[in-house]
Amino acid sequence: MDGTRVQVLQAIESWILNQRVQQIFWLAGKAGMGKTAIARTVCTLGQDNTKFILGGSFFCSRSNGVFGQRDVRCIVPTLAQLLARQSTEFSEALAAELKRDPDILHQQVAEQFK
């Protein structure tokens, strides 16, 4: 709803605009806390704000019938694909990495992240 979670959204926008911080934001919490609403709002802000570009987003769900949203191993490959669409340099680096280790997509998240 409009006017809710204003502080959280301002903190996230401040983080986005700060080039000196880690550029990955992991939003986590208990069910029903409003994570999805916050994430969707941030995605919408990214569409309307020319100061930042949203590299990608991934929504996890325990109840959704889409298997990829329930398997954490799909997060990194999905975000990598989205980033590759936006950056030729990233796309080329990703292609080289996948050529070096084509099975990386099936590894644990920590290994994919490396």
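Values computed for the structure shown
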{"item": "Residues that are β-branched (V, I, T), surrounded by 12 or more Cβ atoms within 10 Å (Cβ to Cβ) and either modelled with pLDDT under 85 or more than 21 Å from I75 (Cβ to Cβ) (or both), drawn from the stretch 17-41", "result": "T36"}
{"item": "Some residue of the stretch 96-114 being more than 16 Å from G55 (Cα to Cα), surrounded by 13 or more Cβ atoms within 10 Å (Cβ to Cβ), under 17 Å from the mean Cα position of the chain (by Cα) and polar (S, T, N, Q)", "result": "yes"}
{"item": "The stretch 16-43, residues that are over 14 Å from the mean Cα position of the chain (by Cα) and either not in a loop (DSSP other than H, G, I, E, B) or not aliphatic (A, V, I, L, M) (or both)", "result": "L17, N18, Q19, R20, G29, K30, G32, G34, A37"}
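The values are calculated or read from the model by the stated rules, or taken from the named source; none is laboratory data. Keep in mind that what you see is a predicted model, and the values were worked out from it rather than measured. A quick note on method: Cβ atoms are made from the backbone with ideal geometry, for glycine too, and the neighbour counts reach across all protein chains shown.
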